[in-house]
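*Asks:* Before anything else, here's the structure in question.
Every number here is computed from the coordinates shown, using simple stated rules; none is lab data. Please read all numbers here as calculations on a predicted model, not as lab measurements. Every residue, glycine as well, gets a Cβ built from its backbone with ideal geometry; the counts of neighbours run over all protein chains shown.
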Amino acid sequence: MKIQNDTHMRHVISLVLENEAGALSRVSGLFSARGYNIESLTVAPTEDASLSRMTIVTSGSDDIVEQITKQLNKLVEVVKVVDLSESAHVERELMLVKVRATGKEREEMKRMADIFRGRIIDVTDTTYVIELTGTQAKLDSFVGAIDAGLILETVRSGICGVGRGDRVLKV
Amino acid sequence: MLLTGAEIVIRCLQEEKVDYLFGYPGGSVLYIYDELFKQDKVRHVLVRHEQAAIHAADGYARSTDKVGVALVTSGPGATNAVTGIATAYCDSIPLVVISGQVPSAAIGQDAFQEVDTVGITRPCVKHNFLIRDVRDIASTIKKAFYLARTGRPGPVLVDIPKDITAQKCAFEYPQTVSMRSYNPVVKGHQGQIKKALQLLLEAKRPMIYAGGGVVLGDASEKLTALVRKLGFPCTNTLMGLGGYPATDRQFVGMLGMHGNYEANMGMHYCDVLLAVGARFDDRVIGSPAHFASEPRKIIHIDIDPSSISKRVKVDVPIVGDVGEVLGEMLAMLDSVPERTDQDSLAVWWKQIDEWRRRDCLKFNQGEELIKPQYVVQKLWEVTGGDAFVTSDVGQHQMWAAQYYKFDKPRRWINSGGLGTMGFGLPAAMGVQLAHPRSQVACVTGEASIQMNIQELATCKQFRLPIKVVMLNNRYLGMVRQWQEIFHGNRYSESYMDSLPDFSRLAEAYGHVGIRVDKPGDVEGALREAFSRKSDLVFLDFQVDQTENVYPMVQGGKGLTDMILSAEDL
């Protein structure tokens, strides 16, 4: 049924907001107060230090996502809001995975990192830290592909997204 | 010349032409109070509880087209203000609230009277600021007033640490504000307005549904002109009362949970609905699913895009100031030859008049017990329909809304969205200060009035001749009504025991108190009260304890599922 699919529709919302104390909590407070989902949220200043760029991954029916973008626009510190998933865009997430790397698994882990175009950025006698960048799906499949018992820690950044081609979100 | 932060605060208020500042002093705002003391342009009204300061500023704002201003101290001063701020937020009332904060260096140290005021108020303000530099005070206060009054209005809070009010800098009040992140739309989209007008002209069963946006946008003249020109029926929400003259034939009354039969039926069965500055909230349309069960085209004018298609799908959205859009619509209507089909309109009016004949607001005033509706009806007569009426929350609020026929906007002052008991008396103080020579009545109940009854002292100090019209039924009436209907007559904690003798209590505060027990004495008591031009008169009407508010749509039910009287139960 369509409605069922709608409720699980994933959206990537990108916003430019004033880089001011409290702006992040206004955004996150809006999501919790109105019961909207946040799957991930990333934020950092842009090349113009007075502005921050935020990428929020959320899900909901079309009506809910419409409300989310309207409510975000209503926040006084929010300058621009775009639903990136409405058209072509790219998204990337960074993951750092610390794995146990001993014995024959040490070589296997190196091979897996190579296959997924990851980089080993920290090495000890018994562990690797693997850096991996890609879509959420790619990171998920890497985590699925290695032996779960060998994972010591995973740290994911949440995704950053940007529209393809001439589509520019700028103030 | 260098000014202290406190001097700058007061200078900013003077620049904004603030005549009344409602507040309560405390440690963190002492420098500001010291500066207040040294000038006489901004008059300070000392309330007895910070909640009342905000409600009074709110009543002042609602009854004028100005921004209400309040000043409170840090910690408990700010937390006491929160209910008032949330009340204003829910009804989109423009306020600027200045709160003191502990000194900058003490923030985060769990200092005496420290709370995270900006954090606590964040979800119930349009915007708030914590000032960190004395040089930001003037520009921030300028922004606060601008944000409060433009776009969809709302309360804006400015939190100022104590040390900053003592530091010095040069003062210059900015003439203009520009914020790249805040540009409210004013003018409506021409194409959409044209489309809307086309729909209205093709309608066979039209309805105009106008809310608080019409009052706040000072658009009631334009609304009235449009409704009359089109010849359509018009209903107002609780917040919109007075937006269209209630004594006009085209007015079908308030709609919603306690709305008129003809208004609710018309709203449900119309084929084209024009919603103006209203938001289809749960107390207005009941169940959205039931409302959607009848096909109709909906045009929605609102300044806030997020109010559009929030609960009800809209066919023609128009984002803009309601006054501007209605003005455009009127001009366009004059320029086109088409008119609505008069035959269909006559059939529709015939249907509406048939609904109207149910006379859903009828009640029987007997010899023994005073009916609360009768008191409000008499209040309307005695005041010539021209008073400012504030109310608290509950049954008396609904009776005031149903039986006082407001012909002008900004006369009906109540907490519609948040439903704050204790709002009425302090709000009436703000109204009376803004309109010193007008009749101001506070319709209240014996439960609500006790939530801010300490303000009788403020009324005495500032000689506010408010008439308190208390409908005393010795119950939390609306709670009792729901318990009667939905909880098998189990009146859990809704009986008001140990009530004071209110007329003597009023006298203890230095006012006039009158207790009324007989229906025959109602009108005389009201006349007596309103003839005392310089006294606050507290009228304690002992009313029928069993009276319920009808019509009634039960929560979550459809608009047409109305209980019209006790016989329907």
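*Asks:* How large are Rg and Dmax for chain A when calculated on the C-alpha trace, in angstrom?
*Replies:* 18.8, 57
*Asks:* Can you give the local net charge around B:Ala275? Use residues other than it whose beta-carbon is closer than 13 angstrom to its beta-carbon, Lys and Arg +1, Asp and Glu -1.
*Replies:* Taking every Cβ under 13 Å from that of B:Ala275, the sum is +2.
*Asks:* Let me ask something else about it. Which whole-number percent is the relative contact order of the stretch B:21-108 (Cα, under 8 Å, 6+ apart)?
*Replies:* Once normalised by length, the contact order is 35 percent.
*Asks:* Also, quick follow-up: Taking each pair of distinct Cα atoms in the stretch A:76-125 once, what is the resulting Kirkwood hydrodynamic radius in Å?
*Replies:* Result for the stretch A:76-125 stands at 14.5 Å.
*Asks:* Let me ask something else. Over the Cα atoms of the protein assembly as shown, what Rg and Dmax result, in angstrom?
*Replies:* According to the Cα coordinates of the protein assembly as shown, Rg and Dmax are 29.3, 100 Å.
*Asks:* A further question on this structure: How many angstrom lie between the Cα centre of the stretch B:7-75 and the Cα centre of the stretch A:145-159?
*Replies:* That distance is 56 Å.
*Asks:* Sticking with this one: Which value, in debye to the nearest 20, describes the size of the charge dipole of the stretch B:195-348 about its Cα centre when Lys and Arg Cβ atoms bear +1, Asp and Glu Cβ atoms bear -1, and nothing else is charged?
*Replies:* Dipole magnitude for the stretch B:195-348 comes out near 300 debye.
*Asks:* What's the magnitude of the charge dipole for the stretch B:32-143 around its Cα centre, counting Lys and Arg as +1 and Asp and Glu as -1 at the beta-carbon? Answer in Debye, nearest 20.
*Replies:* The dipole magnitude comes to about 380 debye.
*Asks:* Taking the Cα centroid of the stretch B:519-565 and of the stretch B:116-154, what is the distance between the two, rounded to the nearest whole Å?
*Replies:* The stretch B:519-565 and the stretch B:116-154 have Cα centres separated by 39 Å.
*Asks:* Let me ask you something else. Relative contact order, percent, of the stretch B:108-155 when contacts are C-alpha pairs under 8 Å separated by at least 6 residues?
*Replies:* 33 percent
*Asks:* Also, I was wondering about something else. Which ordering of B:Cys169, B:Cys270 is given by a fewest-first count of other beta-carbon atoms within 10 Å?
*Replies:* B:Cys169, B:Cys270
*Asks:* Hey, another quick one. When a/c is below 1.5 the answer is rounded, else prolate if a/b is larger than b/c, else oblate, so apply that to the stretch A:54-93 with a ≥ b ≥ c taken from the square roots of the Cα gyration tensor eigenvalues.
*Replies:* Oblate.
*Asks:* Still on this structure: What pairs from A:Lys70/B:Lys126; A:Lys170/B:Lys195; A:Lys74/A:Lys170; B:Lys362/B:Lys405 go past 23 Å between their alpha carbons?
*Replies:* Exceeds cut-off: A:Lys170/B:Lys195.
*Asks:* Check the straight Cα-Cα distances from B:Lys378 and name the aspartates and glutamates below 12 Å, setting aside those fewer than 8 residues away within the same chain.
*Replies:* Within the straight-line limit of under 12 Å, B:Lys378 reaches these aspartates and glutamates: B:Asp521, B:Glu523.
*Asks:* Can you give the charge dipole size of the stretch B:1-90 about its Cα centre, rounded to the nearest 20 debye, using +1 on the beta carbon of Lys and Arg and -1 on the beta carbon of Asp and Glu?
*Replies:* Result for the stretch B:1-90 is approximately 140 debye, rounded to the nearest 20.
*Asks:* What number, in nm² with one decimal, is the all-direction average of the projected area of the convex hull of the alpha-carbon atoms of the stretch B:77-137?
*Replies:* About 4.4 nm², averaged over all directions.
*Asks:* I need two numbers for the stretch A:69-164: Rg to one decimal and Dmax as a whole number, Cα atoms only, in Å.
*Replies:* Calculated on Cα positions, Rg and Dmax stand at 17.6, 57 Å.
*Asks:* Could you give me D for the stretch B:266-410, from Stokes-Einstein at 37 °C and 0.692 mPa s, where the hydrodynamic radius is the Kirkwood radius over C-alpha pairs? Units µm² s⁻¹, please.
*Replies:* So the translational diffusion coefficient is about 176 µm²/s.
*Asks:* So, one more: Filter the GluC sites (Glu not before Pro) in the stretch B:333-397 down to the DSSP loop ones having no more than 12 other Cβ atoms within 10 Å, then list what survives.
*Replies:* Within the stretch B:333-397, the qualifying GluC sites (Glu not before Pro) (loop, at most 12 other Cβ atoms within 10 Å) are B:Glu338, B:Glu367, B:Glu368.
*Asks:* Measure off 7 Å from each Cα along the Cα-to-Cβ vector at B:Val185 and B:Gln14, then give the distance between these two points in nanometres to one decimal.
*Replies:* Result for the modelled spin labels: 4.2 nm.
*Asks:* Then there is this: What net charge is computed for the residues neighbouring A:Leu15, neighbours being all others with C-beta under 13 Å from the C-beta of A:Leu15, Lys and Arg scored +1, Asp and Glu -1?
*Replies:* So the environment of A:Leu15 carries a net charge of +3.
*Asks:* Rg to Rh ratio, the stretch B:1-97, alpha-carbon atoms and Kirkwood radius?
*Replies:* 0.96
*Asks:* Would you work out which of B:Tyr374, B:Tyr475, B:Gly320 lies farthest towards the positive end of the dipole of the protein assembly as shown? Charges go on Cβ: Lys and Arg +1, Asp and Glu -1.
*Replies:* Value: B:Gly320.
*Asks:* Is the shape of the stretch B:133-246 rounded, prolate or oblate, going by the alpha carbon gyration tensor and its root eigenvalues a ≥ b ≥ c, with a/c under 1.5 for rounded and a/b larger than b/c for prolate?
*Replies:* Prolate is the answer for the stretch B:133-246, as a/c is 1.5 or above and a/b outweighs b/c.
*Asks:* Got the relative contact order for chain B handy, in percent, Cα pairs under 8 Å and 6 or more residues apart?
*Replies:* 14 percent
*Asks:* In terms of Cα to Cα distance under 18 Å, which aspartates and glutamates are near enough to B:Lys408, apart from those fewer than 8 places away along the same chain?
*Replies:* Partners within reach: B:Asp65, B:Asp218, B:Glu221, B:Asp248, B:Glu381, B:Asp386.
*Asks:* For chain B, give me the percentage of DSSP beta bridges that are antiparallel, rounded to the nearest 5 percent.
*Replies:* Rounded to the nearest five, the antiparallel share is 10 percent.
*Asks:* Same structure again: Quick check: net charge around B:Leu499, other residues with Cβ under 11 Å of its Cβ, Lys/Arg +1 and Asp/Glu -1?
*Replies:* So the environment of B:Leu499 carries a net charge of -3.
*Asks:* Okay, next question. With the cut-off at 1.5 for a/c, could you classify chain B from its C-alpha gyration tensor as rounded, prolate or oblate?
*Replies:* Oblate, since a/c reaches 1.5 and b/c is not below a/b.
*Asks:* With both bridge residues required to lie in the protein assembly as shown, what share of the DSSP beta bridges run antiparallel, to the nearest 5%?
*Replies:* Around 45 percent antiparallel, to the nearest 5.
*Asks:* Rounded to the nearest angstrom and ordered from largest down, what semi-axes does the equivalent ellipsoid of the stretch B:428-472 get from its C-alpha gyration tensor (root of 5λ)?
*Replies:* They are 18, 12, 7 Å, listed largest first.
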